[in-house]
Amino acid sequence: DGGITQSPKYLFRKEGQNVTLSCEQNLNHDAMYWYRQDPGQGLRLIYYSQIVNDFQKGDIAEGYSVSREKKESFPLTVTSAQKNPTAFYLCASRSGPGGGYTFGSGTRLTVV
Amino acid sequence: AQSVAQPEDQVNVAEGNPLTVKCTYSVSGNPYLFWYVQYPNRGLQFLLKYITGDNLVKGSYGFEAEFNKSQTSFHLKKPSALVSDSALYFCAVRDSTGGFKTIFGAGTRLFVKA
């Protein structure tokens with residue numbers, strides 16, 4: 001079945017550490033997105049990519065980085081510059097201009 | 001700028017009764033409107049969308065939504081609620097004129113009591 005796979009499901013980060021969240025899709029979608037979800041705040045856009053080798057900052061990009069070397073993959077790195085990284089991270093892709101999103105099952109990141 | 005408002009943090013309804021989850025939006029061009037549902041510790045699932053055409057759109061699990069341009073609303077409805085409908089619901093909007101960013105509301109938690 002086509003879909004989006006996020007890994008790991010749970011991730012623990014020590015202070016000062018960079019961690020990378022994986023997002024892989026087999027839907028042949030061009031556009032991919034990373035959102036952060038905090039309780040009561042809905043989803044906030046971190047980065048998005050419309051095509052391979054191209055990506056743009058979203059509303060809360062500081063302390064995060066991404067790459068888009070392959071159409072199927074859009075990993076997110078949470079750097080030590082992100083001071084409050086504890087959150088639920090969601091990756092999504094979209095098929096076309098009027099399409100809805102397909103979401104992965106999320107990664108819960110906790111700072112220890 | 002685009003924005004979405006879900007005025008109710010929580011909606012409580014008895015099983016078998018109709019339910020409504022409210023959503024209003026603001027967008028400069030014509031809107032693409034979406035509803036998603038999220039169960040605990042899971043990603044969001046697409047329920048339905050309005051792109052153009054009929055103002056009443058039908059989606060998954062018996063849900064429907066009505067697009068009202070004059071009131072800039074897109075309320076989610078279901079004629080008869082089930083306990084299994086209890087979840088977090090998100091309304092979202094995207095500008096149809098080439099927008100790549102979708103803006104999500106803060107979410108409304110639906111509790112359906114048996």
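Starting from the Cα-Cα distance between B:Tyr61 and B:Val83, subtract it from 0.36 nm times their residue separation and give me the gain in nm to one decimal. Please report the intermediate quantities before stating the final value.
On the way: separation 22, 0.36 × 22 = 7.92 nm, distance 1.25 nm.
So the chain would gain 6.7 nm between B:Tyr61 and B:Val83.
Hey, got a sec? Which trypsin sites (Lys or Arg not before Pro) in region B:26-78 land in a DSSP loop and have at most 10 other Cβ atoms within 10 Å? The partial results should precede the final answer.
Working: sites: B:Arg42, B:Lys49, B:Lys58, B:Lys69, B:Lys77; in loops: B:Arg42, B:Lys69.
Within region B:26-78, the qualifying trypsin sites (Lys or Arg not before Pro) (loop, at most 10 other Cβ atoms within 10 Å) are B:Lys69.
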With each pseudo-label sitting 7 Å past Cα toward Cβ, what's the A:Thr86-B:Lys101 distance in nm, one decimal? 2.8
Quick one: how many lysine pairs does chain B have with C-alpha atoms less than 19 Å apart and a gap of 8 or more or different chains? Give me the count, please. 16
Per the 1.4 Å probe, what fraction of the accessible area of region A:1-81, in percent, lies on carbon and sulfur atoms? 45
Tell me, what does the Kirkwood hydrodynamic radius of chain B come to in angstroms if you use every pair of distinct C-alpha atoms? 14.1
Separation between the B:Gln71 and A:Thr79 pseudo-spin-labels, each 7 Å from Cα along Cα→Cβ, expressed in nm? 4.7
What accessible surface, in Å², does a 1.4 Å probe find on B:Glu15, ignoring ligands, DNA and RNA and rounding to the nearest 10? 90
Buried accessible area, chains B and A (both chains, 1.4 Å probe, Å² to nearest 100): 1700
Karplus (6.51, -1.76, 1.60) ³J(HN,Hα), θ = phi - 60°, over region B:7-13, in Hz, Gly and Pro reported as x: x, 10, 5, 9, 10, 10, 8
Which value results for Rg/Rh of chain A when Rg is the Cα radius of gyration and Rh the Kirkwood radius based on the inverse mean 1/r? 0.95
Sorted by packing (mean other beta-carbon atoms within 10 Å per residue), highest first, where do B:28-35, A:15-22 land? B:28-35, A:15-22
Quick one: pull the percent of accessible area on chain B belonging to carbon and sulfur, 1.4 Å probe, ligands and nucleic acids left out. 49
Residue-level accessible surface for A:Ser65, protein heavy atoms, 1.4 Å, Å²: 50
Which value, in Å², gives the accessible area per residue of the protein assembly as shown when a 1.4 Å probe is used on the protein heavy atoms? 47
When you look at the Cβ of every residue in A:41-51, what mean number of other chain Cβ atoms sits within 10 Å? 3
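How crowded by other chains is B:89-97, given as the mean number of beta carbons from other chains within 10 Å of each beta carbon? Walk me through the numbers before you get to the answer.
Numbers: counts 0, 3, 1, 4, 0, 6, 0, 2, 1.
Counting other chains' Cβ atoms within 10 Å and averaging over B:89-97 gives 2.
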I'd like the accessible area for B:Val83: 1.4 Å probe, protein heavy atoms, all chains in place, Å² to the nearest 10. 60
Table column - 3J(HN,Hα) (Hz), region B:61-67, Karplus curve with 6.51, -1.76, 1.60, x for Gly and Pro: 6, x, 7, 9, 9, 10, 7
extent check for the protein assembly as shown: Cα max minus min per principal axis, descending, whole Å, gives 50, 39, 35
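The values are calculated or read from the model by the stated rules, or taken from the named source; none is laboratory data. Please read all numbers here as calculations on a predicted model, not as lab measurements. As a convention, Cβ positions derive from the backbone with ideal geometry for all residues, glycine included, and neighbour counts pool all protein chains shown. Quick note on the areas: whole protein, heavy atoms, side chains included, nothing else; ligands and nucleic acids left out. Shrake-Rupley method; radii C 1.70, N 1.55, O 1.52, S 1.80 Å.
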